[in-house]
């Protein structure tokens, strides 16, 4: 499958963005050449899928479409997780809401410690054989969990995970340690979410600066995610660097993620058209290795996967 350089994430549909605003952003993305749209059943408990499904009725075959399964959709104890039972029921509900007969990518949204990985993989393989999904995919799993799944899929001849969706931005670079090298080695597509760090890297945040409205100041999970003071130091240095280049921070932040060699397409999102435009502009921004290195130096480099720090220097051998 060929996809655009950017993927549009529809988490705001039916929430921060009403139906009219959602349609305006969808149409703007299509005008900009985006053919890749990411969704999940948990986004507004299915409302985002319903809105996206209505927008796709005239262009479904031109679009690469995703959704996800895992999160609790009701108080029912079985209406969650990655059990075979939940996957089989959840995919039918997603297909109905999205008004389509198949998903191009179907993501396991989180790791489910209560369900054996093999049960999940067999269920996903059955959905591929039934034509309801084209490829299984995975989000928010550790590298060892993904590799274990790939090994089971190879041994059992099951459809394997063909795409991963990790968090990745200048303030959160853990994916560089094992997840992105693993994806490159295994030839797996990578569509990172949160390239703007929940708004952290848009120029609105600094060591002593916070906006009145924003995901980090209004949402507890985002506040905890970026609680480390180092995140705001990075944001401040990055905003100053973007200003010196005369580039909107959001454009530069998305382009930095997009420039990693293992990345297929960053997932951008927005509440409205005004927020969307700088992220769209990243598709036109070319970045040299030296420019990427300058930006990377603005945040702490993540540690190596082992404690042998000397291995960073190839000359030691």
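Would you mind stating whether residue 199 is free of Cβ contacts under 8 Å to residues at least 40 places away in the same chain, under 17 Å from the mean Cα position of the chain (by Cα) and under 20 Å from residue 16 (Cβ atoms)?
Here the answer is yes, as residue 199 does meet what is asked.
For residue 199, work out the one condition from (1) assigned to a loop (DSSP other than H, G, I, E, B); (2) at pLDDT below 95 it doesn't fulfil.
(2)
Quick check on residue 138: is it surrounded by 14 or more Cβ atoms within 10 Å (Cβ to Cβ), part of a strand (DSSP E or B) and either free of Cβ contacts under 8 Å to residues at least 60 places away in the same chain or out of contact with any strand residue (DSSP E or B) (no Cβ under 6 Å at 6 or more places or on another chain) (or both)?
yes
Considering only residues that are within 15 Å of the chain's Cα centre (by Cα) and either in contact (Cβ under 8 Å) with a residue 40 or more places away in the chain or within 10 Å of residue 65 (Cβ to Cβ) (or both), which ones fall in region 33-51?
If the condition is that a residue be within 15 Å of the chain's Cα centre (by Cα) and either in contact (Cβ under 8 Å) with a residue 40 or more places away in the chain or within 10 Å of residue 65 (Cβ to Cβ) (or both), then 36, 37, 38, 39, 40, 41, 42 are the ones that fit.
Mind listing just one residue for me: the one in region 64-89 that is touching a strand residue (DSSP E or B) at 6+ places or on another chain (Cβ under 6 Å) and over 15 Å from residue 121 (Cα atoms) and, of those, surrounded by the most Cβ atoms within 10 Å (Cβ to Cβ)?
So the residue we want is 67.
Looking only at region 277-299, how many residues end up being over 27 Å from residue 32 (Cβ atoms) and touching a helix residue (DSSP H, G or I) at 6+ places or on another chain (Cβ under 6 Å)?
2
For residue 272, all conditions in the list (1) surrounded by fewer than 20 Cβ atoms within 10 Å (Cβ to Cβ); (2) free of Cβ contacts under 8 Å to residues at least 40 places away in the same chain; (3) within 26 Å of residue 25 (Cβ to Cβ) hold save one; what is the number of the exception?
It fails just one condition, (2).
Among the residues in region 175-191, are any without any contact (Cβ under 8 Å) to a residue 60 or more places away in the chain and closer than 15 Å to residue 258 by Cα?
Looking through region 175-191, at least one residue is without any contact (Cβ under 8 Å) to a residue 60 or more places away in the chain and closer than 15 Å to residue 258 by Cα.
Of the numbered conditions (1) under 16 Å from the mean Cα position of the chain (by Cα); (2) within 29 Å of residue 283 (Cα to Cα); (3) in a loop (DSSP other than H, G, I, E, B), residue 111 fails exactly one; give the number of that condition.
(2)
Would a scan of region 66-87 turn up a residue that is modelled with pLDDT of 95 or more, under 19 Å from the mean Cα position of the chain (by Cα), within 23 Å of residue 140 (Cα to Cα) and part of a helix (DSSP H, G or I)?
Looking through region 66-87, none of the residues is modelled with pLDDT of 95 or more, under 19 Å from the mean Cα position of the chain (by Cα), within 23 Å of residue 140 (Cα to Cα) and part of a helix (DSSP H, G or I).
Taking the residues in region 279-317 that are assigned to a helix (DSSP H, G or I) and in contact (Cβ under 8 Å) with a residue 60 or more places away in the chain as candidates, determine which candidate is surrounded by the fewest Cβ atoms within 10 Å (Cβ to Cβ).
296
Can you pull out every residue in region 147-176 that is in a loop (DSSP other than H, G, I, E, B) and either under 16 Å from residue 188 (Cβ atoms) or modelled with pLDDT under 95 (or both)?
Passing the criteria: 158, 159, 160, 161, 162, 166, 168.
The values are calculated or read from the model by the stated rules, or taken from the named source; none is laboratory data. The model shown is predicted, which means the values in this text are computed figures rather than measured ones. Cβ sites come from the backbone with ideal geometry, for glycine too, and all protein chains shown count toward neighbours.
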